[in-house]
Amino acid sequence: MKKNLIIAILMTVATTVLVGLVYPLVVTAMAQVLMKDKANGQLISKDGKVVGSRIIGQPFTSARYFHSRPSAAGNGYDAANSAGSNLGPTNQKLVDRLNADVTAAQADNPGKPVPADLVTTSASGLDPHISPAAAEFQVGRIARARGVSEDQVRALIAAHTEGRQWGFMGEPRVNVLELNLDLDGLAR
């Protein structure tokens, strides 16, 4: 019995060290060597300062910038509280928010249909992308606010539009943070 207890304790210690220490350290080291950018959150820097991540959305409210999708994560874009709203399509709170968001978006483009991703949240609440249609919808507002031509803004959208992953998965998309950073570089 004593021999079995000693073996059990040694196995517990050995597997704890192997699976709890050695394996995570090896995986972390491999990630740092093979894909350092992805292992570190795909951070974006500007002038030596980290301004965001390629994979986590953030809010933009100024008329001079492209606006992201709304976020239901915590108080908005809270990576520690990633989730959708869990409100069903008949929930009055969701209907009221959607109506308010559509009305606000149509103020910039009266009579134009609002792309769904400008008024609906993603499942995680942290989606860093919008559709090319959502970016196009915002062109007039941004061009007016910055005093640049709509063609200049459209050229930036085209340059930042990513195709389907592996040519068949998902939809074309535009990373809002990367687009807005390049938007700051537009000549006036």
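The values are calculated or read from the model by the stated rules, or taken from the named source; none is laboratory data. Predicted model only: the values in this text are computed from it and were never measured. Here the Cβ is made from the backbone with ideal geometry for all residues, glycine too, and neighbour counts use every protein chain on show. Accessible surface areas use protein heavy atoms only, side chains included; no ligands, DNA or RNA. Shrake-Rupley method; radii C 1.70, N 1.55, O 1.52, S 1.80 Å.
Yes or no, residue by residue, for (1) among the polar types (S, T, N, Q); (2) part of a loop (DSSP other than H, G, I, E, B); (3) open to solvent by less than 30 Å² (accessible area, probe 1.4 Å):
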residue	(1), (2), (3)
Asp127	no, yes, no
Ala135	no, no, yes
Val153	no, no, yes
Ala159	no, no, no
TODO: Tell me, please, whether a residue that is of a type in the set (Phe, Trp, Tyr), open to solvent by 90 Å² or more (accessible area, probe 1.4 Å) and at pLDDT 85 or above can be found in region 19-39.
DONE: yes
Open item on the list: Here's a check for you: in region 137-150, which residue that is of a type outside the set (D, E, K, R) and without any contact (Cβ under 8 Å) to a residue 12 or more places away in the chain is surrounded by the fewest Cβ atoms within 10 Å (Cβ to Cβ)?
Closed with: Ser149
Task: Where Val51 falls short, out of the listed (1) surrounded by fewer than 11 Cβ atoms within 10 Å (Cβ to Cβ); (2) closer than 22 Å to Ala159 by Cβ; (3) among the aliphatic types (A, V, I, L, M) - done: (1)
TODO: Among the helices (runs of 4 or more DSSP H) lying completely within region 1-51, list those that include at least 2 residues that are within 28 Å of Pro128 (Cα to Cα).
DONE: 23-34, 36-39
Task: Matching residues in region 18-44 - criterion: being polar (S, T, N, Q) and over 30 Å from Pro115 (Cβ atoms) - done: Thr28, Gln32, Asn40
TODO: Considering only residues that are of a type outside the set (D, E, K, R) and in a loop (DSSP other than H, G, I, E, B), look in region 168-184 and name the one that is surrounded by the fewest Cβ atoms within 10 Å (Cβ to Cβ).
DONE: Phe168
- [ ] Taking Asp101 as the residue in question, decide whether it is out of contact with any helix residue (DSSP H, G or I) (no Cβ under 7 Å at 6 or more places or on another chain), under 24 Å from Ser131 (Cα atoms), open to solvent by less than 60 Å² (accessible area, probe 1.4 Å) and acidic (Asp, Glu).
- [x] yes
- [ ] Hey, could you check region 47-100 for residues that are of a type in the set (Lys, Arg) and within 14 Å of the chain's Cα centre (by Cα) and say which is modelled with the highest pLDDT?
- [x] Arg69
Open item on the list: Against the conditions (1) without any contact (Cβ under 8 Å) to a residue 12 or more places away in the chain; (2) of a type in the set (A, V, I, L, M); (3) farther than 17 Å from Leu186 by Cβ; (4) touching a helix residue (DSSP H, G or I) at 6+ places or on another chain (Cβ under 8 Å), where does Leu126 fall short? Just the number, please.
Closed with: (1)
- [ ] Identify the single condition in (1) closer than 16 Å to Ser71 by Cβ; (2) not in a loop (DSSP other than H, G, I, E, B) that Asn99 does not satisfy, given that it satisfies every other one.
- [x] (1)
Open item on the list: So Ala79 passes all but one of these: (1) farther than 23 Å from Pro115 by Cβ; (2) surrounded by 14 or more Cβ atoms within 10 Å (Cβ to Cβ); (3) of a type outside the set (S, T, N, Q); (4) in contact (Cβ under 8 Å) with a residue 60 or more places away in the chain. Which condition number does it fail?
Closed with: (4)
